[in-house]
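One structure below.
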Amino acid sequence: MLKTIDTPEVRDATPKLKLYSREEADAFVAKVKAAGYDYVRFEFPDMAGLSRGKTIPIGHVASYMRSGLNLYGGTVALDSYSIPVRDSGYNEEMNYTDCVMVVDSDTLTPVPWLEKTGRVICDTMWYDGTPQMATPRLLLKKMLNVAASMGYTVKSGHEYEFYVVDHATRAPLFGGQPIFVTSRTHQTPAIDDLIRVLEAQGIDIITWNVEHGPGQIEINYSALDDIAAADRAFVFKGTVKEYLAKHGLLATFMTKPYKGLSGSCSHFHISLLDSKTGENAFLDKDAENGLSRLMRSFIQGILDHTRACMALWSPTPNCYRRIRPRTYAPSNISWGIQDRSASIRVKASYDQATHLEVRVPSALSNPYLVSASVIASGLLGVMQNRELSPAAAGPKEDDARFEKLPTAIEDALEAFEADVALREMLGDEFAKVYLAMKWQEAARLRDEIPAAETNEYFELY
């Protein structure tokens, strides 16, 4: 595996967190009151991208901004069933101590389905002021700092699919495979209402439609710069789950909820902008396909580290049931111009919209971790001046020359462990917590007896 590059850009990229002065906190509370909120949800994205936190009456918001809001320090090191992760460095090693939540005041948005309630997204640090660098949001901030130190602003967006079913029966909203059928798109009033609720939170909806699976929906929204893009994805996913539950509906981002039906993905779109000019650094109109040298090295960096990134892009055993040929989900490590069968689809539009689409991540993935790992991998390609491998002609899924993606989470975790360059780029603290968590989850779930095995063997044998 390629070596990492020990540079000041990486060494000095750790984000700095600070609490608020009395004046700053009072000014923020005045803004919250002006917006009409009596309560503020302090939300923290955990390792799975799930919102955890506490809700605060307006009279106590300022004090918690000045002192930080106490939270169990190992919250980010709870596995998918909220079991503390052993040997993570965040639980028993710290005597199960608290951390504090630090408000990002720029993230204030309404929670439209709750009366007079707003939300802020928070980062976390230990009581001595040390940031918790295993947390996904701070990890992404670190990677954005690396990009900024190299002269680039990151523009990105996440594109989610999800299933919507009746909460009691788990029956899909509709049957068949009605992709793009307009009447199905507007068949359920709660979905149309969901669009308005998303827009009320400042989410710029571009399109929405039904997808290939029964009850499967896709809602697309505009890209944003830097941390705001992942914050928008975090709010989007939480809103979909929480709002539709109010209507007796269950929305699931589980990657492969049904055998034989479409999996749900999170295609990730990204480009780098020149921080000084705002111009798209991926565009070179004089180059082949309009792809700049920077973009070509960035793509190769992602290809170099795709096997390791799979541990973050497909973070549960279920995710790997989606990785199948001829399902519009990638099955190997490849790239192509406008090629939906490739793991990286290059949108070569010969204008400022030129960007790439990473088609591998599952819908269940954490937007902060997807973004952080893609940026880290791409920038490694740029730092190492990597040459882009040939794309080859024809559908990539049928081309045996390309290396296959991992088809089990254990293989992906082993690839992440072996990828020294990527782990060093992301940081040892994150890698330690994440690997401990995912190995614990994998071992626990591996011991479960699937219903299909019982049905197959129990009575006959």
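Miscellaneous remarks
- Ala223 being under 23 Å from Pro112 (Cα atoms) and touching a Lys or Arg at 6+ places or on another chain (Cβ under 7 Å): yes
- Selection within segment 132-142: residues that are open to solvent by less than 20 Å² (accessible area, probe 1.4 Å) and outside any helix (DSSP H, G or I). The member of this set that is nearest to Leu19 (Cα to Cα) is Gln132.
- Looking at Ser183, Ser156, just one residue is polar (S, T, N, Q) and open to solvent by less than 10 Å² (accessible area, probe 1.4 Å), and that residue is Ser156.
- The single condition among (1) open to solvent by 50 Å² or more (accessible area, probe 1.4 Å); (2) within 30 Å of Glu441 (Cα to Cα) that Asn145 does not satisfy is (2).
- The helices (runs of 4 or more DSSP H) located wholly in segment 1-104 that include 1 or more residues which are of a type in the set (Gly, Ala, Ser) occupy 22-34, 58-67.
- Any hit, segment 89-99, residues being open to solvent by 30 Å² or more (accessible area, probe 1.4 Å), within 29 Å of Leu312 (Cα to Cα) and touching a residue at least 60 places away in the same chain (Cβ under 8 Å): no
- Considering Lys432, Lys404, the condition of being closer than 18 Å to Leu369 by Cα and among the basic types (Lys, Arg) is satisfied by Lys432 alone.
- For segment 328-368, the set of residues classified as aliphatic (A, V, I, L, M), in a loop (DSSP other than H, G, I, E, B), farther than 23 Å from Ala228 by Cα and open to solvent by 10 Å² or more (accessible area, probe 1.4 Å) consists of Ile333, Ala348, listed by residue number.
- Where strands (runs of 3 or more DSSP E) fall wholly inside segment 158-258, the ranges with 1 or more residues that are more than 16 Å from the chain's Cα centre (by Cα) and free of Cβ contacts under 8 Å to residues at least 24 places away in the same chain are 205-210.
- Considering only residues in segment 27-50 that are open to solvent by 20 Å² or more (accessible area, probe 1.4 Å) and within 20 Å of Leu17 (Cα to Cα), the one that is farthest from the chain's Cα centre (by Cα) turns out to be Ala27.
- Hey, Ala400 open to solvent by 30 Å² or more (accessible area, probe 1.4 Å), among the hydrophobic types (A, V, I, L, M, F, W, C) and assigned to a loop (DSSP other than H, G, I, E, B) or not: yes
The values are calculated or read from the model by the stated rules, or taken from the named source; none is laboratory data. On a predicted model such as this, the values are computed, not experimentally measured, just so you know. Neighbour counts run over all protein chains shown; Cβ positions are idealised from the backbone, glycine included. Areas reflect the complete protein model, heavy atoms only, side chains present, ligands, DNA and RNA absent. Shrake-Rupley method; radii C 1.70, N 1.55, O 1.52, S 1.80 Å.
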